[in-house]
1. Would you be able to say whether some residue in the range 122-138 is over 29 Å from residue 180 (Cα atoms), touching a residue at least 12 places away in the same chain (Cβ under 8 Å), in a loop (DSSP other than H, G, I, E, B) and open to solvent by 50 Å² or more (accessible area, probe 1.4 Å)?
2. Within the range 74-104, count every residue that is β-branched (Val, Ile, Thr) and in contact with a Ser or Thr (Cβ under 7 Å, 6 or more places away or on another chain).
3. Within the set of pairs 6 or more residues apart or between chains, which connect a residue that is of a type in the set (Ser, Thr, Tyr) inside the range 94-106 to a residue that is buried (at least 19 other Cβ atoms within 10 Å of the Cβ) and in a strand (DSSP E or B) with Cβ atoms less than 7 Å apart?
4. For the range 26-54, give me the residue count where each residue is exposed (fewer than 14 other Cβ atoms within 10 Å of the Cβ) and hydrophobic (A, V, I, L, M, F, W, C).
5. Give me the residue from the range 1-25 that is of a type in the set (Gly, Ala, Ser) and modelled with pLDDT under 90 and, out of that set, least open to solvent (accessible area, probe 1.4 Å).
6. Go through the range 88-114 and report how many residues are open to solvent by less than 40 Å² (accessible area, probe 1.4 Å) and part of a strand (DSSP E or B).
7. Can you find even one residue in the range 142-161 that is among the basic types (Lys, Arg) and surrounded by 15 or more Cβ atoms within 10 Å (Cβ to Cβ)?
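The values are calculated or read from the model by the stated rules, or taken from the named source; none is laboratory data. For clarity, every value in this text was computed on a predicted model and none was experimentally measured. All Cβ positions, even for glycine, are placed from backbone atoms using ideal geometry, and neighbour counts span all protein chains on display. Side chains included, ligands, DNA and RNA excluded: accessible areas come from the protein's heavy atoms. Shrake-Rupley method; radii C 1.70, N 1.55, O 1.52, S 1.80 Å.
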Amino acid sequence: MKKILILLLLAASVTAQAQFTVGINTGFDRFGRGETGSKTYTLVATPNLLLGYRINNHLTVGLTGSLLYFGDITSNDITLPEPPADNLWFNYERTKRHAEKGISWSAGAYARYDLPLTDHLALFANLSVSFGKAKSSYTRDYIFYNTNTRNYETRTYTRDNDRDITYSEVTLVPGVSYRFNPHLSADLYLNLLQIAYTHTTLIESPQAEPADKASSDDKVTLSSFTFGNNISNIINLSMGGYGGSNVSNISTFRIGINYTF
C-alpha cells in the first residue's frame with residue numbers, strides 16, 4: 001500500500017509540471033498604393049493554431065496548423081468615351097478590376113524553449129517543421145464595346161490555379177512572452193529575425209495538349225534558405241502567370257495568446 005501511494009504521488013508531481021496548452025497567433029499586413037485613376041491594395045493574413053504539451057517551465061512540444069491568405073486587388077476608375085457613329089468599328093476594352101488571391105495551409109510539429117527573465121517576462125525560440133499545399137485564383141472584370149449590339153458590356157474572367165503546389169518548411173522564430181498568470185500568456189513573434197528553410201514542388205498541367213507534346217506534367221522544385229522576413233516563394237509560384245504580384249515581406253511580427261490548463 002505504501003508503494004502504491006508513493007507511485008501515485010510521483011505521478012501527481014509529474015502531471016502538475018506537465019500541462020496542456022492551446023494557443024493561437026497571427027500576423028496581418030495591409031498595404032496600398034495608388035495613382036490617378038487606379039488603386040491597389042494587398043492583404044496578407046497568417047493565422048496559426050498550436051496544441052502543445054508543456055513539459056516544464058522551459059520546454060513545450062506539440063502540433064501546429066497554419067493558414068496563409070493573400071489577396072492583391074486593383075480597381076480602376078473608367079470613363080466611357082462616346083461610341084463612334086454607326087457602321088464604324090470601335091475597339092475598346094478596359095479592365096475595371098482584377099484580383100489575385102491565394103491560400104496555403106500546412107500542419108506539423110513544434111518545439112518551444114522559454115528562457116524566463118522575470119516572473120512574468122521570458123524570451124523564447126520556436127522551432128517548427130511543417131508540410132503544406134497552396135492554391136490560387138485570378139479574376140478580371142472588364143468593360144468592352146460590343147460592335148454587334150453597339151453597347152458597352154461588362155464581363156468577368158475567372159481562372160483557378162492549374163498548379164499543384166506542395167511544400168515543406170523548417171522555421172526557427174525568436175520572440176518575447178509575457179505571462180499574466182499560471183494559465184494565460186501573450187506572445188510576440190519576431191519574424192524579422194526568423195531563419196527558414198523551404199522546399200517547394202510545383203507541378204503545372206500543360207495548357208495545350210498537341211499530339212506531339214502529350215507529355216507528363218511539368219515539375220519544378222525550389223529550395224530556399226532565408227534569414228529575416230520570409231520571402232514567400234509559395235505565393236510567388238502560385239501567382240506566377242496571373243499578373244506577377246511582387247509580394248516580398250510576409251508578417252514582420254505575429255502576436256498570439258496561449259492558455260495553459
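1. No; the residues of the range 122-138 include none that is over 29 Å from residue 180 (Cα atoms), touching a residue at least 12 places away in the same chain (Cβ under 8 Å), in a loop (DSSP other than H, G, I, E, B) and open to solvent by 50 Å² or more (accessible area, probe 1.4 Å).
2. 1
3. Matching pairs, first to second residue: 104/68; 104/132; 104/134; 106/66; 106/130; 106/132.
4. Total satisfying the criteria: 2.
5. Step by step, filter the range 1-25, then rank; the result is 18.
6. Residues flagged as open to solvent by less than 40 Å² (accessible area, probe 1.4 Å) and part of a strand (DSSP E or B) within the range 88-114 amount to 11.
7. no
Residue-wise test of (1) at pLDDT 90 or above; (2) hydroxyl-bearing (Ser, Thr, Tyr); (3) farther than 26 Å from residue 72 by Cβ.
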position	(1), (2), (3)
143	yes, no, no
164	no, no, no
199	no, no, no
212	no, no, yes
216	no, yes, yes
